[in-house]
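See structure below.
The values are calculated or read from the model by the stated rules, or taken from the named source; none is laboratory data. Not measured: the values here are computed from a predicted model. Glycine also receives a Cβ, built like all others from the backbone with ideal geometry; neighbour counts cover every protein chain displayed.
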Amino acid sequence: MRVLPLFALALANLCACSSPDPTYYTLQPVIGKATTMRGRLIKVVHPGLAGYLDRSDIVLKQANFHVDVDSQVRWGEPLADMIGRVLAQDLSQRLPGSSVFSGDGAIGADPDLRVEVDVQRFDAAADGSVTLIANMAIEQGVSHTALASNSVSLRIVDAQTGPAALVAAMSDLLGQLADEMAANIARH
């Protein structure tokens, strides 16, 4: 009957070696300058996302053809969904009087304008800077007539280190992207 104590000891050792629970992070809306314009119904279409970012683990850094991730540092929801939700919140604050909704939500109304974004890079570099590179487009609602389209490259140079600081810098960059989008929307 020595097998049972040995099994219990092996099981106890296995449990002691388990990894800690991961830490989950979410992007947050940031306050920006409100733009005066007539109210519109604006849909933020589900964002496109570079494949290396489309994961539950947060990409902490990209350098020398290498991507650093930590399996204990994760997004609280799929990154593309979160970017769309936060951009909708950022735009809603910047465009008072307009109703801004995410394409991932339950609202199915035909919008006056559609905002599209394709994120090509969204991470930290070896020098500590945090970068957002994306293409964005603003279209007439149902007709999909292009009103504006451009590439955006945004960067925070001296970002703090660590996952929480990275996510805060990424939230700030999304806010800057929303600033550019709101300015484009106000012109149309």
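Quick one: which residue in Leu147, Leu132 is in a strand (DSSP E or B), among the aliphatic types (A, V, I, L, M) and more than 24 Å from Gln28 (Cα to Cα)?
Working: Leu132 fails: more than 24 Å from Gln28 (Cα to Cα).
Only one candidate passes the filter, namely Leu147.
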Testing Ser171 on (1) within 14 Å of the chain's Cα centre (by Cα); (2) exposed (fewer than 14 other Cβ atoms within 10 Å of the Cβ); (3) not hydrophobic (A, V, I, L, M, F, W, C), one condition comes back false. Which one is that? (2)
Among (1) within 17 Å of the chain's Cα centre (by Cα); (2) farther than 13 Å from Ala182 by Cα, there is one condition Ala63 misses while meeting the rest; what is its number? (1)
Somewhere in the range 104-112, is a residue charged (D, E, K, R), in contact (Cβ under 8 Å) with a residue 24 or more places away in the chain, in contact with a Leu (Cβ under 6 Å, 6 or more places away or on another chain) and not in a strand (DSSP E or B)? yes
Enumerate the pairs (first residue in the range 59-84 and closer than 16 Å to Ala165 by Cβ; second residue anywhere and buried (at least 16 other Cβ atoms within 10 Å of the Cβ) and polar (S, T, N, Q)) with beta-carbon separation below 9 Å, excluding pairs fewer than 6 apart on the same chain, so at least 6 apart or on different chains. Asp68/Gln62
Within the range 144-161, the residues that are surrounded by fewer than 15 Cβ atoms within 10 Å (Cβ to Cβ) and either modelled with pLDDT under 95 or in contact with a helix residue (DSSP H, G or I) (Cβ under 9 Å, 6 or more places away or on another chain) (or both) are His144, Thr145, Ala146, Leu147, Ser149, Asn150, Arg155, Val157, Asp158, Gln160, Thr161
Just to be sure I understand, how many residues within the range 61-85 are closer than 23 Å to Ala125 by Cα and either in a helix (DSSP H, G or I) or in contact with a strand residue (DSSP E or B) (Cβ under 8 Å, 6 or more places away or on another chain) (or both)? 16
Can you name the condition, by its number, that Gly141 falls short on among (1) closer than 19 Å to Asp179 by Cα; (2) surrounded by fewer than 18 Cβ atoms within 10 Å (Cβ to Cβ); (3) touching a Leu at 6+ places or on another chain (Cβ under 8 Å)? (1)
Given the criteria in a helix (DSSP H, G or I), modelled with pLDDT under 95 and on the phi < 0 side of the Ramachandran plot, does Ala164 qualify? yes
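Condition first: in a helix (DSSP H, G or I) and in contact (Cβ under 8 Å) with a residue 24 or more places away in the chain. Now tell me which residues in the range 86-95 satisfy that.
The initial filter retains those residues of the range 86-95 that are in a helix (DSSP H, G or I), namely 86-94.
Result: Val86, Leu87, Ala88, Gln89, Asp90, Leu91, Gln93, Arg94.
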Restricting the range 99-134 to residues that are small (Gly, Ala, Ser) and within 14 Å of the chain's Cα centre (by Cα), the one surrounded by the fewest Cβ atoms within 10 Å (Cβ to Cβ) turns out to be Ser102
Quick check on this structure: which one of Ile133, Ile107 is at pLDDT below 90 and touching a strand residue (DSSP E or B) at 6+ places or on another chain (Cβ under 7 Å)? Ile107
Of Ala63, Ala88, which residue is under 16 Å from Val115 (Cβ atoms), out of contact with any Pro (no Cβ under 7 Å at 6 or more places or on another chain) and either surrounded by 20 or more Cβ atoms within 10 Å (Cβ to Cβ) or at pLDDT below 95 (or both)? Ala88
